[in-house]
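The values are calculated or read from the model by the stated rules, or taken from the named source; none is laboratory data. The structure displayed is predicted, hence computed values, not measured ones. Cβ placement follows ideal geometry from the backbone for every residue including glycine, while neighbour counts extend to all protein chains displayed.
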Amino acid sequence: MGLFKDSNLITDPLADNNPITIQVLGICSALAITAELEASIVMSIAVLFVLGVGNVVISLMRNIIPSKIRIIVQLIVVATLVIIVDLVLKAFAYQLSKTLSVFVGLIITNCIIMGRFEAFALANRPWRSFLDGIGNSLGYAMILIIVGFFRELLGSGTLLGMEVLGNPIDKTGVYAFGYENNGFMLLAPMALVTVGIIIWVQRSRNEALIED
């Protein structure tokens, strides 16, 4: 019954309280690593692990952390989890770890993670904190994957590195199905435009999200 009672902790960040489109947090990742769908998926999994586990650890320690050093403790917890993610990537997906480069390390300063530690995990039990971490990381992942999908598809004509819009039919770079790869969607500003379109669609479906 507890799972169903707290189901809003998972569903809310997927819709009306999304950490990227509503809270405007974690925008840097959406701009930096979404040129490839694979990188978007891996970054999403990394944040899912760090936020889910981190929320539980902070919740378990909430009654013994002195308030004056709580930020330092939170940074130590998230840094430890990020190091684990970075080492796993280097061991099993080295090329991808090079693609993500410093952005894996920057998970430490991701406002979504530190925000959930401070606003939720410090005040709630481990199970609710775990659900909150999973919900917010899934909301983050949803936006990253959508942006990565369209940027790679329209920018490179591929998905997960596989040709989708056809191979070039001549040396000019024109693809089958009338598609021409100009790389425009691979530019960082197009990530911001894509996120903006998602925000527009979200608010057009729910006018309550539009502030006066």
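Search the stretch 175-210 for residues being touching a strand residue (DSSP E or B) at 6+ places or on another chain (Cβ under 7 Å) and at pLDDT 65 or above, and hand back the single one that is farthest from Ile145 (Cα to Cα). Here the residue is Glu180.
Considering each residue of the stretch 128-147 in turn, at least one proves to be part of a helix (DSSP H, G or I), out of contact with any Cys (no Cβ under 8 Å at 6 or more places or on another chain) and free of Cβ contacts under 8 Å to residues at least 60 places away in the same chain.
Scanning the stretch 10-50 for residues that are aliphatic (A, V, I, L, M) and touching a Lys or Arg at 6+ places or on another chain (Cβ under 6 Å) turns up just one, Ala35.
Please state which one of Ser101, Ser67, Ser97 is polar (S, T, N, Q), over 14 Å from the mean Cα position of the chain (by Cα), at pLDDT 85 or above and more than 26 Å from Trp200 (Cα to Cα). Break it down stepwise before answering.
On the way: Ser101 fails: at pLDDT 85 or above; Ser97 fails: at pLDDT 85 or above.
Unique residue meeting the criteria: Ser67.
When Thr172 is tested against the conditions (1) modelled with pLDDT of 65 or more; (2) among the β-branched types (Val, Ile, Thr); (3) exposed (fewer than 12 other Cβ atoms within 10 Å of the Cβ), the lone failure is (1).
Scanning the stretch 43-55 for residues that are crowded, with 18+ Cβ neighbours inside 10 Å, out of contact with any Gly (no Cβ under 6 Å at 6 or more places or on another chain) and within 19 Å of Asn124 (Cβ to Cβ) yields Val50, Gly54.
Here Ile64 fulfils each of the conditions (1) surrounded by 13 or more Cβ atoms within 10 Å (Cβ to Cβ); (2) among the aliphatic types (A, V, I, L, M); (3) over 13 Å from Ile33 (Cβ atoms) apart from (1).
Taking the residues in the stretch 108-119 that are within 13 Å of the chain's Cα centre (by Cα) and closer than 13 Å to Gly52 by Cα as candidates, determine which candidate is modelled with the highest pLDDT. Among those residues, the one meeting the criterion is Ile113. With respect to the stated conditions, Ser40 fails to be modelled with pLDDT under 90, polar (S, T, N, Q) and surrounded by fewer than 16 Cβ atoms within 10 Å (Cβ to Cβ).
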